[in-house]
Amino acid sequence: MRTPVALLLELGVILAALSILGTLARRLTLSPIPLYLLAGLAVGEGGVAPVPASGEFVETGAAIGVILLLLVLGLEFSLPEFAVGMRRHVPSAGVDLVLNAVPGAVAGLLLGLDGLGTLALAGATYISSSGIVARLLSDLHRLGNRETPAVLSVLVLEDCAMALYLPVIAVPASGGSWWQAALGALIAITAVLAAFTVSYRWGHHLGRVIEHPDEEQLLLRVLGLTLLVAALAELVHASAAVGAFLVGLALTGETATRTRAVLGPLRDLFAAVFFLAIGVSVDPAELVPVLPAALALAAVTLVTKVVTGRYAARRDRVGRRGQWRAGTALIARGEFSLVIVGLVGTTHDTLGPLVTAYVFLLALAGPLLTRLAGTGAPRPRLGAPAGRPAPP
């Protein structure tokens, strides 16, 4: 089988450029995410150096990147601990929904969108980017922070809400009836609850099945299982990221430690492709007309996400600096917002460019503001694994 020369050349240039940008970001003690996003803007359609031959690889790699980011993130926590946090943060989910979906709905009405377009814009402003947040927490060494369980609880509850939301907009957008949308939402949420129950009750047996002394076998088993679970989650309109996160939560002890080690380089590679893909999806020429509206919407929902994160962290009795870190960590929007506009944006001329510009602005601003949030002196989180200090 002959590999196209253009594909190899473009991928080689892309990876080399990402390496240079990543090195620059590390020297500046910044997350490389904003630089990867700008690189994607440069090589996307309408950019200064488009790479058409590698488009399919970038799209597929981005999907794998989100899955690996959430899988490795799940490996950092125990399922019982996380289940307690989820129950405690149901009120946080309500605050999150009201504060962040309402601005999108109001903007939709002001822009003259119909009911479906308004609902889609509300969803785009509501949902944070699990992929970006997961990478930020790792880059900034905040996985052991006291506010991190609150951030993750909000993210997973958002993804569960998407299991209800996506069928509600996808079915009408494709011409289906309301009862088909309701049935799809019921199936999706049932599947998510079943997955949580199975993982909670029998997940501890998973490590025995996955464990193997050979690293190659361990990698193949974990990755194969994760992709299967992610595919099943997508099949029922739930989030592949939630499926991957549950697999990570179910793995504990030595198995989790070894899995983190073997998956680390693979996660970093595909995570970089994921951030690049967000930039590639943006056509700079389409952004200019909608930029004022996108800036206004981004400014409002940036503040509402910070309020959401602070409220969630306060429920865990986290200090003021930790509350600010939690709030800024949730700012970034990304993959789900783009999925939403992909479902209904073709029927609304304004919606697609507006959401794309909005996502790009907050995907850039989120990592920068998260980095600027106070660091404080380290103090361990109650119940955190040894060696992972946590600021208050």
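The values are calculated or read from the model by the stated rules, or taken from the named source; none is laboratory data. Everything numeric here is computed off the predicted structure, so don't read it as measured data. Please note: Cβ atoms are built from the backbone with ideal geometry, for glycine as well, and neighbour counts cover all protein chains shown. Ligands, DNA and RNA are stripped out before the accessible areas are found, and what is left, the full protein with its side chains, is counted by its heavy atoms. Shrake-Rupley method; radii C 1.70, N 1.55, O 1.52, S 1.80 Å.
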Charge dipole magnitude, Cβ of K and R +1, D and E -1 - segment 8-373, Cα centre, debye nearest 20
1580 debye
Summing Lys, Arg as +1 and Asp, Glu as -1, what charge do residues with Cβ under 13 Å from the Cβ of Ser128 carry, Ser128 excluded?
-1
Cα-based Rg then Dmax for segment 12-135, in Å, read 18.8, 49
Once both labels are modelled 7 Å past Cα along the beta-carbon direction, what's the Ala296-Arg320 spacing in nm?
3.3 nm
The answer for the chain, accessible area per residue at 1.4 Å probe in Å², is 44 Å²
Distance in nm between His212 and Asp349 label points, each 7 Å along Cα→Cβ, equals 5.6 nm
Extent along principal axes [Cα atoms of segment 8-373; Å; largest to smallest]
57, 49, 44
Okay, helix-only estimate at 222 nm for the chain: each DSSP H run of n ≥ 4 adds -39500 (n - 2.57), divide by all residues, round to 500 deg cm²/dmol; what do you get?
-25000 deg cm²/dmol
Among all helices in the chain defined by DSSP H, which have a length of 20 Å or more along the axis from Cα atoms plus a Kyte-Doolittle mean of at least 1.6?
5-27, 55-74, 148-173, 351-372
Can you pull the three principal axis extents for the Cα set of segment 232-359, in Å, largest first?
53, 37, 28
Which residue, Gly117, Val247, Leu232, has the largest displacement toward the positive end of the dipole of the chain when charges sit on each Cβ (Lys, Arg +1; Asp, Glu -1)?
Val247
What percent do you get for the relative contact order of segment 8-373 when only Cα pairs under 8 Å and 6+ apart count?
31 percent
Could you work out what % of the accessible surface of segment 256-376 is carbon and sulfur, using a 1.4 angstrom probe and leaving DNA, RNA and ligands out of the count?
66 percent
Would you mind telling me the share, in percent, of accessible area of segment 98-140 contributed by carbon and sulfur at probe 1.4 angstrom?
75 percent
Tell me which of Gly46, Gly264, Gly334 sits at the most positive position along the dipole axis of the chain, charges placed on C-beta atoms (Lys, Arg +1; Asp, Glu -1).
Gly264
